[in-house]
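> Have a look at the structure that comes next, please.
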Protein chains: 4
Amino acid sequence: MVNVDLALEARDLVRGATGQEITGVSEEKQEFPHGTVTIIKILDERAESVIGKPKGAYITIEAPNLRLKLPEVQSSVADILAQHLRSLLNLSDAASVLIIGLGNWQATPDALGPTVVKYTLVTRHLHQHMPHMVENYRSVCAFAPGVLGVTGIESAEIIQGVVEKVNPGVIIAVDALAATNISRLGTTVQIGDTGIAPGSGVNNNRIGVNIQTMGVPVIAIGVPTVVNAGIIMQIALESYQNKTARGSRLSPVLSKEVLEETLKPFEGSLIVTPREIDDLILNAGRTVTRGITLALHARVPKEDLEALLC
Amino acid sequence: MVNVDLALEARDLVRGATGQEITGVSEEKQEFPHGTVTIIKILDERAESVIGKPKGAYITIEAPNLRLKLPEVQSSVADILAQHLRSLLNLSDAASVLIIGLGNWQATPDALGPTVVKYTLVTRHLHQHMPHMVENYRSVCAFAPGVLGVTGIESAEIIQGVVEKVNPGVIIAVDALAATNISRLGTTVQIGDTGIAPGSGVNNNRIGVNIQTMGVPVIAIGVPTVVNAGIIMQIALESYQNKTARGSRLSPVLSKEVLEETLKPFEGSLIVTPREIDDLILNAGRTVTRGITLALHARVPKEDLEALLC
Amino acid sequence: MVNVDLALEARDLVRGATGQEITGVSEEKQEFPHGTVTIIKILDERAESVIGKPKGAYITIEAPNLRLKLPEVQSSVADILAQHLRSLLNLSDAASVLIIGLGNWQATPDALGPTVVKYTLVTRHLHQHMPHMVENYRSVCAFAPGVLGVTGIESAEIIQGVVEKVNPGVIIAVDALAATNISRLGTTVQIGDTGIAPGSGVNNNRIGVNIQTMGVPVIAIGVPTVVNAGIIMQIALESYQNKTARGSRLSPVLSKEVLEETLKPFEGSLIVTPREIDDLILNAGRTVTRGITLALHARVPKEDLEALLC
Amino acid sequence: MVNVDLALEARDLVRGATGQEITGVSEEKQEFPHGTVTIIKILDERAESVIGKPKGAYITIEAPNLRLKLPEVQSSVADILAQHLRSLLNLSDAASVLIIGLGNWQATPDALGPTVVKYTLVTRHLHQHMPHMVENYRSVCAFAPGVLGVTGIESAEIIQGVVEKVNPGVIIAVDALAATNISRLGTTVQIGDTGIAPGSGVNNNRIGVNIQTMGVPVIAIGVPTVVNAGIIMQIALESYQNKTARGSRLSPVLSKEVLEETLKPFEGSLIVTPREIDDLILNAGRTVTRGITLALHARVPKEDLEALLC
């Protein structure tokens, strides 16, 4: 079992190790003008335990040019995100949505969720107090629970408390992810219908954010913003090993030693990220916000929504 | 009945209008090296309705030199704040505390509460997972609920949800206040034992944050960071009127007209504040955080706390 | 002589006081879909001393709906700004431009200039090192000199030093302005061809930024982000006086006393601004950046520029 | 010849490769309560070309506990920094100092220099306009030139322009550095008397900031805030190689291939840094500011300076 944030990478790692397709996992690939969408479904418990992700659908949008910050690419990715999000949400017009921005707005690489909350178009209060203004808009609210080290409270506990007050029909939880592949930073978006598992994501919380803990479906949206420093070193070691002595294997004991010595004294908290991380967060946050907004307010003309998003 | 954030100013306004002491209101004044502490108690319902503040104790620390950002003054004000906060809290060692930072971290003049959350020393998670590390520390958690315009959810609803999960013994709610007197900006701290009334504070929420809505005592700490632009104009008009024609009174109709014409089209959202508002928020936030921390962890040596606060 | 940042307001104040047109001042008004453009020309030295602004052209764009942050309005204002800026600049294709962002990025109400620098598309370094990439683009560089209180150096001195190294054909200096009328906050843009006079702008520098001090033409672009707190009070007093006793005049001695008492101890540094000042700065900054960019790179298709501006 | 920011690491790399002391390089080690100071002197041109650093003195303060943000450690490091800085500066009381904060305040890992400028106590303008207020203070000014990608102008050109206006006796240039060893992040301070070489530092400028380009001595102060992602992978490969097959050498061709494949498409811009990089920058910035301030105003009592630094 592996422990990585992206189902696509987890699947590839397992497939890479075994050299064959994994039973209980389906895959569908679609092209769009600026990239690829891969829909992986984990169909049974065996696949669940092999891949290390709960049963469900994982939609991965890959758009290498998203890094270039071109509005045309951002807009195209937001459209694709909206389309797939809408199919997963499958909401009645009346259902209300709670958007959760996980992460820490005081640690730049981890600020994706709060950035989405900041830019989200919220309407729940208008539905309560000026309903005529928002007739065609879904009721949406948004909220950033902070992180355990700043609040002293598990994010999931805070969210549970808010869910009990707000009673949303569905939760969309946005979080920064860690990838294993550098080229994914700021260019991949994962949408999943199983929420956020305990101990996953950039902040390892002990309680998951999912239908079991929240009582309503949780759609998770994530963008890789970092690669764990240990993983990138491990990959370098494996890649070198493959090049020099195909067939022979990396010593797990020695490579563990190397990583521990090199990453000491920071260990898990060291990340690989572009120097321009502030920019990456802002751009990814705006693209995700745009995709969510287009998905949620399907009865509002797109140009009206875009006017409100700038 | 007046509607101002500081009980001291509300009392002065009522006294100014009637020219005499108000029954049902007690006052006590104390000096400290860098300023004055005034304890106003609103003792009965008649006084409550005249002053426009719920029955309870309102402690106002005034330190004109706090504006100068001298560590000596900040430290002295934090000590006084800690002392009075401790007397209001009257907590057993085992009681846990939830600190709420009201306001909007994306609107600088309104960011006092989130700034205090950012700097607060939280220990609740350590009590759960590494209790030996925090033996002498109280269990403290902290949290910024955001504002209605950003989240679509009343702050009080979010807080209720969190309180039900966290079960604190007491809540300390920190908020930016509006004063009527410019000289109070960044130099006055109010501590009150009646929480935050609906519709008060810089963000006019519809639900209060108090023992009635939260089920536990709520201590409110506020620092004036703005003066409402309408109020400063009203004061100018009254002051001029007094100088030219003592005895005659300002026309309420005309002065209302003047204010409306001048403040249009922003109305209530216009504030008077120093250009260096970013600095004021940072300094006030750090002084309040220091005072709270000293008050809550009475069993930890002061120098240890100060080491953790920088 | 009056001392206000906007020539339009200065002209109105003088005209208001004298009740007639001012000789040596020409005016032209144009409408555009979202507002009005007023071109005031100060033609001779007499007018210069009456209005308190150097001889030259002052173009004022007024768009009340710019406050609403609608992309359509922002885009329309940017187009108008670009058109008038281009006519003032009158540049050959080869001329290079230095954009100066005046103000303090650590004091939100004063951060307009640095915000424009942050968003500006700079090309000077590409012209030096990869000229083929920027064939159709003008050579543009941009720079924020900071403020005297943070650097200890007059902005104008720093700019002079940079100008001597960069040798631009023209300087565009962007600054936050103070208006006398609240309704202008974030909705008015002034373009002037006389640079920035000493002692004007939100930061009262002792040396001007103009053709005399820099040796090249200086176009100034400003947006009012604050109203001086004293001015708004003065206006309230005058307006009330007019309403009660038309014909009689406000006592300058008494009104000065009122202002001094009320604004103490902050005096000049107190400003009136919307609580959402962070938003206002961001939106004004982006609109100004867009206008400048469209004006400077006239040979690049508009959609290419807009792609680079987001 | 190697190309690393810290002279200490460059020296160790060379010594590691050759297995012996390097002629033309002297070393002196001192202990202080929270760490070690190593003074490396590069004495001749041969050593210069072997180490890849210009002739001069490089003082490295290593304080592993600086990461813990304890005021006691920060204060101790600031004292040591002040002491060694003062010995390198060797200034008359009348000499004025220009502090340059290199780097990009919009890219968190690169914001050390601008952070120091933000916190620096500047006095040059007071010496000009209110000299009696700053009698015992040295004339100090400070300035952040930005980075080439934002301004379109080489930092060194901007600095030259400012130096010609300000005529300082000495320049102190502060910059974020890249280390090869993770444990140095936020815990090492290097002071050097040879300024900043072209192409070094986190931003590879083409022109150096040194006595040759500026005409006055340049003291450089740097703190490692990142490790280049390629370097950390290279180190992992070498370390693994050493563990498996002592004596055999890493293939430069293959390891280059591995790095290129893994770091594509970001290449040089990928960094390793702690997730809490915002915190690291703030803390390092404040410690360096404190050290500089104590060094420059030797005639002012330390407690007065500390009061001004908070």
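> Too long at a 29 Å Cα-Cα cut-off: which of D:LYS53/D:LYS302; B:LYS55/B:LYS264; B:LYS264/C:LYS256?
D:LYS53/D:LYS302; B:LYS55/B:LYS264
> Distances in nm, one decimal, shortest first, from D:GLU45 to the same residue in every other copy, taking the label point 7 angstrom along Cα→Cβ.
Result for D:GLU45, in nm, nearest copy first: 6.3, 7.8, 9.6.
> Now for a different question. How about C:LYS29: which aspartates and glutamates have a C-alpha closer than 20 Å to its C-alpha, ignoring those fewer than 8 places off in the same chain?
Within the straight-line cut-off, C:LYS29 pairs with C:ASP5, C:GLU9, C:ASP12, C:GLU21, C:GLU62, C:ASP79, C:ASP193.
> Explain nothing, just the number: relative contact order of the stretch C:9-165, from Cα pairs under 8 Å at least 6 residues apart, as a whole percent.
Relative contact order of the stretch C:9-165: 14 percent.
> May I pose another question? Starting from a label point 7 Å past Cα on the Cβ side, list the distances from C:PRO33 to the same position in the other copies, nm, shortest first.
Spelled out, the distances from C:PRO33's label point are 2.3, 6.5, 6.9 nm.
> Could you check the spin-label model distance between D:ASP279 and C:GLU260? Points 7 Å from the Cα along Cα→Cβ, value in nm.
5.1
> Taking each pair of distinct Cα atoms in the stretch A:166-310 once, what is the resulting Kirkwood hydrodynamic radius in Å?
About 17.9 Å for the stretch A:166-310.
> Put the label 7 Å from Cα along Cα→Cβ for C:ASN90; what are its distances to the other copies, in nanometres, shortest first?
5.7, 6.9, 7.9
> Could you state the number of Å between the C-alpha centres of the stretch D:268-295 and the stretch C:262-310?
30
> For B:LYS69, list the lysines whose Cα falls under 16 Å from its own Cα; do not include residues on the same chain fewer than 8 positions away.
Filter leaves D:LYS118.
> Could you tell me what percent of the accessible area of the protein assembly as shown is made up of carbon and sulfur, with a 1.4 Å probe and every protein chain present?
50
> Rounded, prolate or oblate: which fits the stretch B:128-185, taking a ≥ b ≥ c as square roots of the Cα gyration tensor eigenvalues, rounded meaning a/c under 1.5, else prolate when a/b beats b/c?
Oblate, since a/c reaches 1.5 and b/c is not below a/b.
> Considering the rotation that carries chain D onto chain C, locate the chain D residue whose Cβ comes closest to its axis and report the distance in whole Å.
D:GLY161, 2
> Please compute the modelled spin-label separation between A:ASN90 and C:ASP93, points set 7 Å along Cα→Cβ, answer in nm with one decimal.
5.9
> 5 Å is the cut-off here: which amide hydrogens, built 1.01 Å from N in the peptide plane, fall below it relative to A:VAL226, excluding neighbours closer than 5 in sequence?
Hits under the 5 Å cutoff: A:LEU177, A:ALA179.
> Can you work out ³J(HN,Hα) from phi for every residue in the stretch A:148-154, in order, using Karplus 6.51 cos²θ - 1.76 cosθ + 1.60 and θ = phi - 60°, giving whole Hz and x for Gly and Pro?
3, x, 9, 9, x, 10, 4
> With a cut-off of 8 Å between alpha carbons and a minimum separation of six or more residues, what is the relative contact order of the stretch C:1-80 in percent?
About 27 percent, as a whole number.
> Please sort through the DSSP H helices of chain D and keep those with an alpha-carbon extent of at least 18 Å along the long axis and a Kyte-Doolittle average not below -0.5.
Details: long enough: D:71-89 (26 Å, 0.32); D:229-244 (23 Å, 0.11); D:277-296 (28 Å, 0.71).
Length and hydropathy pass: D:71-89, D:229-244, D:277-296.
> Right, here's the next one. When a/c is below 1.5 the answer is rounded, else prolate if a/b is larger than b/c, else oblate, so apply that to the protein assembly as shown with a ≥ b ≥ c taken from the square roots of the Cα gyration tensor eigenvalues.
Judged from the Cα gyration tensor, the protein assembly as shown comes out rounded (a/c under 1.5).
> Sticking with this one: What FRET efficiency would be calculated for the residue pair D:GLN212, D:THR36, taking the C-beta separation as r and a Förster radius of 41 Å, to the nearest 0.05? Write down the numbers at each step before the final one.
Details: r = 31 Å, r/R0 = 0.77.
So the FRET efficiency works out to roughly 0.85.
> Where the centre of each part is set by its Cα atoms, how far does the stretch A:118-186 sit from the stretch D:146-180, in angstrom?
43
> Ok, one more. Is the C-alpha gyration tensor of the stretch A:31-177 telling us rounded, prolate or oblate? Criteria: a/c under 1.5 is rounded; beyond that, a/b larger than b/c is prolate, otherwise oblate.
Note, shape of the stretch A:31-177 comes out rounded.
> I've got another one for you. Give the separation of the Cα centroids, the stretch D:36-103 to the stretch D:211-254, in Å.
When both Cα centres are located, 20 Å separates them.
> Using a Förster distance of 41 angstrom, determine the FRET efficiency expected from the C-beta separation of D:GLN83 and D:GLN20, and round it to 0.05. Present the calculation step by step, with values, prior to reporting the outcome.
Working: r = 32 Å, r/R0 = 0.78.
Result of the calculation: an efficiency of 0.80.
> Over both sides of the D-B contact, add up the buried accessible area with a 1.4 Å probe and give it to the nearest 100 Å².
So the buried area, both faces added, is about 600 Å².
The values are calculated or read from the model by the stated rules, or taken from the named source; none is laboratory data. Quick caveat, the model's predicted, so the values are computed rather than measured. Here the Cβ is made from the backbone with ideal geometry for all residues, glycine too, and neighbour counts use every protein chain on show. We work out accessible area using only protein heavy atoms, side chains counted, and drop any ligands, DNA or RNA first. Shrake-Rupley method; radii C 1.70, N 1.55, O 1.52, S 1.80 Å.
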